[in-house]
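Structure first, then comments.
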Amino acid sequence: MWNPAGSTLTQLFTDSYLGVAGNGECSPSTTTSIAVVLTLMSELVNLQYRANKWFFRWIMLAVITVTLAAGIFVSGATKAHAITPDGSFGPQSVRLLQYRLGLPQDGVISSQAAKYKPYRPALKSYTTGNGGSNTIRLLQTCLNMPKTSWNGQLDPPTIKEFQRVRGLNQNGIFDKTTATSLQDLINAGDIHTIKNGVWRKCSTVSV
């Protein structure tokens with residue numbers, strides 16, 4: 001779960017907007033995307049060079065400029081979203097999780113049942129209630145939990161499944177270690193899952 005094994009050529013450009021490291025540095029997919037574009041444009045220029053060499057030199061220069069500018073913009077934008085993985089899942093962490101899931105970013109996990117409070121000590125931004133949160137509901141969907149478990153509650157079964165997927169101790173408690181793991185995950189880029197045997201971004205999954 002979470003990270004696709006590879007990308008098609010078409011996906012490389014799309015993934016470059018998702019695959020910038022949390023520290024603001026370009027990820028391998030971003031670097032590969034830029035290299036692919038420059039290589040293709042270089043071949044085009046070589047084919048047409050004799051016809052009008054100065055015209056195609058200007059095209060090449062424009063492509064290089066735009067590509068590098070886009071990389072710098074994406075890097076800066078993603079860096080602005082990065083959080084410190086400190087094990088305290090507060091408003092900034094919740095906003096980034098919601099951003100990765102393609103949801104409105106209010107920085108709050110809503111309607112969390114009071115009976116589960118002892119199981120979520122590291123969650124610092126939530127409201128109490130029984131309705132559940134769409135953020136958690138989508139996370140449960142992406143964890144491939146049974147539909148009957150999509151209650152929107154950060155409850156022990158949900159926490160245990162996340163811990164299992166991430167290779168953590170499955171104690172069912174959203175503790176500092178578990179929160180840090182989720183922070184590391186959302187810092188790294190979009191969250192992926194397998195649906196019907198196909199890697200998909202969780203932001204495209206319907207609850």
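We did not get these values from a lab; they are worked out from the coordinates using the rules stated. The structure displayed is predicted, hence computed values, not measured ones.
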TODO: Compute the length gained on full extension between K147 and K117: take 0.36 nm times their separation in residues and subtract their Cα-Cα distance, giving the result in nm to one decimal.
DONE: 8.5 nm
- [ ] Note the full-extension length gain between N169 and T128 as 0.36 nm times their separation in residues minus their Cα-Cα distance, in nm to one decimal.
- [x] 12.1 nm
TODO: At q = 0.19 Å⁻¹, what is the base-10 log of I(q)/I(0) for region 105-177 according to the Debye formula with one equal point scatterer per Cα and no solvent? Please give it to two decimals.
DONE: -0.72
- [ ] Mind counting lysine pairs for me in region 91-204? Cα separation below 29 Å, and the two need to be 8 or more apart along the chain or on different chains.
- [x] 19
